[in-house]
1. Let a ≥ b ≥ c be the square roots of the eigenvalues of the Cα gyration tensor of segment 19-161; is it rounded (a/c under 1.5), or, if not, prolate (a/b larger than b/c) or oblate?
2. Under unit Cβ charges (Lys, Arg +1; Asp, Glu -1), what dipole magnitude, rounded to 20 debye, does segment 48-172 have relative to its Cα centre?
3. Collect residues whose amide H, placed 1.01 Å from N in the peptide plane, falls under 5 Å from the amide H of residue 50; neighbours closer than 5 in sequence don't count.
4. Using a simple spin-label model with points 7 Å from Cα along the Cα→Cβ vector, what separation in nm is obtained for residue 87 and residue 31?
5. Which cross-chain or sequence-distant (5 or more) residues have an amide H under 5 Å from the amide H of residue 141, H modelled 1.01 Å from N in plane?
Amino acid sequence: MTMQPVSLLTRHNPFSGLSAWLHPGSERATVDREREAALADVRAFAGHAWILHPTDGPMKFVPWPWQPRLLAIFAVTRLLVVLKARQLGVSWLAAIYALWFAIRKPGQVVLLISQRQDDADKLLEKVAFIYARLPAWRPIANVATRSIRFPGLGSEIESLPATDHIGRSRTA
């Protein structure tokens, strides 16, 4: 059985319709509308992403059916642990999300933490690969080996190894 790719723009939004049942001015309705907007935006953003296939080279990101759902979870969940097998494209999803977060939410510091520095750098390379292939509307960035900085937005993405002191005393 082969899995058919799905369009990021036609997937069901799990938050659509929720706010219709709530008072329009309620905090929950506002949060649901913000989640719905974020989900639509991250899906549209992913529609511009290119990935590097291990055998076929650069290709437009065409998600498997479960990937838009995981991207939606990334967009609306504050803390998340993903237990997964290898070669499922989750790191590409994480790279898409990290780039979207840094671009769409100015002033953010996105830390890409992996067991070793070289693993974290590989994830940052995926982010840089996606960034380099975005349309002309992409913001100006300074891409380096261990960081991508967006001076006009005040955001940055940095790769770090998982050590005892990772992220301590880190501010924007």
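All of the numbers you see were taken from the coordinates with simple rules; none came from a lab. Predicted, not measured: the structure shown is a model, and the values here were computed from it. Note that each Cβ is placed from the backbone with ideal geometry, even for glycine, and that neighbours are counted across all protein chains shown.
1. On the way: a/c = 1.69, a/b = 1.43, b/c = 1.18.
The shape class here is prolate.
2. Result for segment 48-172 is approximately 320 debye, rounded to the nearest 20.
3. Excluding prolines and chain starts, which carry no amide H, the hits are 61.
4. 4.1 nm
5. none
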